[in-house]
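One structure is given below, encoded as C-alpha cells.
We did not get these values from a lab; they are worked out from the coordinates using the rules stated. Being a predicted model, the structure only gives us computed values, none of them experimental. Cβ placement follows ideal geometry from the backbone for every residue including glycine, while neighbour counts extend to all protein chains displayed.
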Amino acid sequence: MRNRAWAPTPYSAEPGNWRDCATPFAELLFPTGAPARILIAAIAGSDGYRGAAFTVAHCLKVARHRVGLAVGGSVFIDGPHSPASEVAVPRAVDIVLYDHVVDAAVFGHSVLDLAQHGLGFDGADVGSW
C-alpha cells in the first residue's frame, strides 16, 4: 500500500487549488436583486435541523455575509455566542433580526418550538422542513 501525503476531498480540484463552493450556494439561495432587507433562511424539523442551520450559516459566512443564527434558544451573531446566548425562541429571533450588524439570518426551529411559539417573523426567503 502506498503512503499518500495528499488525499482528495470533495472541495479541492487539485492539490493546493481550492475552489469557492459557498458563494454559488449563497447566490442560489439568495439571488442578487431579490427584494428583501435581510436574507432569512428558516429550517425546521425534529432531527438534524441544528446541523443544517449551522451548515447554512457557515456557507453564508464564507460568502462574506454577517450572519445571525438562532437555533433553539441559542443566539450567534457573526460567529460567537452573543451575551444573551440562552433565551426563549421568540426572543432569540428578535435578537437576530434587530441586530444592525446582521445582513443574513438563519433560524433553526424544532417542531415543538413552532407549535408553541410560531416562527417569530412574517416570511423567509428560503425554508426547509
Original post:
Which of 111, 75, 63 sits farthest toward the positive end of the charge dipole of segment 36-128, with +1 on the Cβ of Lys and Arg and -1 on the Cβ of Asp and Glu?
Top reply: 63
Original post:
If all Cα-Cα distances of segment 36-128 are sorted into 10 Å bins from 0 onward, what percent lands in each bin, rounded to whole numbers?
Top reply: 19, 58, 23, 0
Original post:
Using a simple charge model, +1 on the beta-carbon of Lys and Arg, -1 on the beta-carbon of Asp and Glu, nothing else, what dipole does segment 36-128 show about its Cα centre, in debye to the nearest 20?
Top reply: 220 debye
**OP:** Place the peptides 56-68, 20-32 in order of packing, highest mean first, counting for every residue the other Cβ atoms within 10 Å and averaging per peptide.
**Re:** 56-68, 20-32
Original post:
Given Cα pairs under 8 Å that are at least 6 residues apart, what percent is the relative contact order of segment 36-128?
Top reply: 41 percent
Subject >> HN-Hα J in Hz across segment 46-62 - Karplus 6.51, -1.76, 1.60, θ = phi - 60°, x for Gly and Pro >> reply: 10, 8, x, 5, 5, x, 5, 5, 5, 5, 4, 4, 5, 4, 5, 5, 5
